[in-house]
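Below is one structure; the comments refer to it alone.
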Amino acid sequence: MLPTLRQLQYLKLLDEHKSFMAAAEAAHVSQPALSSGIAELEKGLGARLVDRTRGQVILTAVGEETLKRALDILARTEDLVEAARGANRPLSGRFRLGVIPTVAPFLLPKALVRLREDFPQLRLFLREDQTARLIASLKAGALDAAVIALPYDLNGLDHAFVCKDEIMAATPCGHPLAHEDRIAPESLKGEELILLEDGHCLRDHALAACSWTGPTGGVETLGNPNGGFAATSLNTLVQMVGSGLGVSLLPAMAVDAGLVRSDEVTVRPLKSDHAYRDIVVVWRAGSSRAAEARLLADRLKLTAPEAHAA
């Protein structure tokens, strides 16, 4: 007897909420109905999926593996439904898009206006998060596509190019390097370098732009024993540079969007042939929404900063 989609959904919700009552509420069914569905799933598979001890809900090893496969099945089923609904109407209905924080506020505003005009039936749901979590959600079927920056491991994913985004050096206005037309990466090595905290891919892209990433990929490759300050957002990072706490590396699209006040921070290009990151749209390999993801990338390319688009 094959599992039903409803049973797989119950298992997914149970894992998310860690409670039969909360999972039942999320599924809009009674708790006995959800419990019965899980029991039938276990009976059909011939294995215990959930340990129910002291009010806690913990998936067994078999339960974890079943959930992993269930998420893939549910994601593909949702793809099937959305593809059928939008077969003759691309980018219509629900489309769940993830975007990294160092791109979202600088690329999306103009793009969203154009998307509304070109695809009035599109219901775009946005999620802003760090790359690793977006990729995990994408592979689990919680997102249809994501806008991220390369280089990044794209195993199991397809992608479409949007634009190149230059990595630039930022210094306090009174800093000696502020008088340079272009700043050599080596000139920054003796400075207090301020980057985004771990988890933001821009941190790695910034270091790679200067060829500073070593075996650990960390700031210690700069010879800074303190590891430098770390900021939680680009706004905070710029404020720290403007206060004279150090220098940093910023994406050009953020600078073009007005992130930097010219009376506090000076921005200069780097003397480097690889001081850039590639902005792309990614989706699950084999997704039925691949054509729509490519179409979305084309629309984003039209509104990307012209000076940095290929």
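Would a scan of segment 29-40 turn up a residue that is among the hydroxyl-bearing types (Ser, Thr, Tyr), open to solvent by 40 Å² or more (accessible area, probe 1.4 Å) and in a loop (DSSP other than H, G, I, E, B)? So far as segment 29-40 goes, yes, one or more of its residues are among the hydroxyl-bearing types (Ser, Thr, Tyr), open to solvent by 40 Å² or more (accessible area, probe 1.4 Å) and in a loop (DSSP other than H, G, I, E, B).
Each row is one residue, and each column tells you yes or no for (1) part of a helix (DSSP H, G or I); (2) modelled with pLDDT under 90; (3) open to solvent by less than 20 Å² (accessible area, probe 1.4 Å); (4) more than 16 Å from residue 178 (Cα to Cα).
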| site | (1), (2), (3), (4) |
| --- | --- |
| 208 | yes, yes, no, yes |
| 211 | no, yes, no, yes |
| 216 | no, yes, no, yes |
| 220 | yes, yes, no, yes |
| 224 | no, yes, no, yes |
| 227 | no, yes, no, yes |
| 241 | yes, no, yes, no |
| 249 | no, no, yes, no |
| 253 | yes, no, yes, yes |
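Here the condition is being buried (at least 23 other Cβ atoms within 10 Å of the Cβ) and in contact with a helix residue (DSSP H, G or I) (Cβ under 8 Å, 6 or more places away or on another chain); of 261, 277, it holds for 277 alone. Among the residues of segment 56-73, those identified as without any contact (Cβ under 8 Å) to a residue 60 or more places away in the chain and either surrounded by fewer than 18 Cβ atoms within 10 Å (Cβ to Cβ) or hydrophobic (A, V, I, L, M, F, W, C) (or both) are 56, 57, 58, 59, 60, 61, 62, 64, 65, 67, 68, 69.
If we scan segment 179-198, do we find a residue that is assigned to a loop (DSSP other than H, G, I, E, B), under 22 Å from the mean Cα position of the chain (by Cα), surrounded by fewer than 16 Cβ atoms within 10 Å (Cβ to Cβ) and not hydroxyl-bearing (Ser, Thr, Tyr)? The answer is yes, given that some residue of segment 179-198 is assigned to a loop (DSSP other than H, G, I, E, B), under 22 Å from the mean Cα position of the chain (by Cα), surrounded by fewer than 16 Cβ atoms within 10 Å (Cβ to Cβ) and not hydroxyl-bearing (Ser, Thr, Tyr). Scanning segment 80-117 for residues that are open to solvent by less than 20 Å² (accessible area, probe 1.4 Å) and outside any helix (DSSP H, G or I) gives 86, 91, 92, 95, 97, 98, 99, 100, 102, 103.
Against the condition open to solvent by 60 Å² or more (accessible area, probe 1.4 Å) and either farther than 22 Å from residue 140 by Cβ or touching a residue at least 12 places away in the same chain (Cβ under 8 Å) (or both), how does residue 7 come out, does it pass? Answer is no for this residue.
For segment 151-168, the criterion of a residue being of a type in the set (Phe, Trp, Tyr) and not in a strand (DSSP E or B) is satisfied by at least one position.
Looking only at segment 137-167, residues that are surrounded by 14 or more Cβ atoms within 10 Å (Cβ to Cβ), modelled with pLDDT of 90 or more and closer than 24 Å to residue 78 by Cβ come to 13 in all. Taking first residues from segment 175-204 that are among the basic types (Lys, Arg) and partners that are modelled with pLDDT under 85 and in a strand (DSSP E or B), the Cβ contacts under 9 Å between residues at least 6 apart in sequence or on separate chains come to 203/230.
Here 236, 266 are screened, and the one residue that is among the polar types (S, T, N, Q), at pLDDT 80 or above and either part of a strand (DSSP E or B) or crowded, with 21+ Cβ neighbours inside 10 Å (or both) is 266.
Name the single residue, out of those in segment 118-136 being surrounded by 13 or more Cβ atoms within 10 Å (Cβ to Cβ) and among the polar types (S, T, N, Q), that is farthest from residue 105 (Cα to Cα). Filtering first and then ranking leaves 131.
Among the residues of segment 262-279, is there at least one that is farther than 21 Å from residue 204 by Cβ and touching an Asp or Glu at 6+ places or on another chain (Cβ under 8 Å)? So far as segment 262-279 goes, yes, one or more of its residues are farther than 21 Å from residue 204 by Cβ and touching an Asp or Glu at 6+ places or on another chain (Cβ under 8 Å).
The values are calculated or read from the model by the stated rules, or taken from the named source; none is laboratory data. Nothing here was measured: the structure is a model prediction, and the numbers come from that model. As a convention, Cβ positions derive from the backbone with ideal geometry for all residues, glycine included, and neighbour counts pool all protein chains shown. Just so you know, the surface numbers come from the protein's heavy atoms only, side chains and all, with ligands and any DNA or RNA stripped out. Shrake-Rupley method; radii C 1.70, N 1.55, O 1.52, S 1.80 Å.
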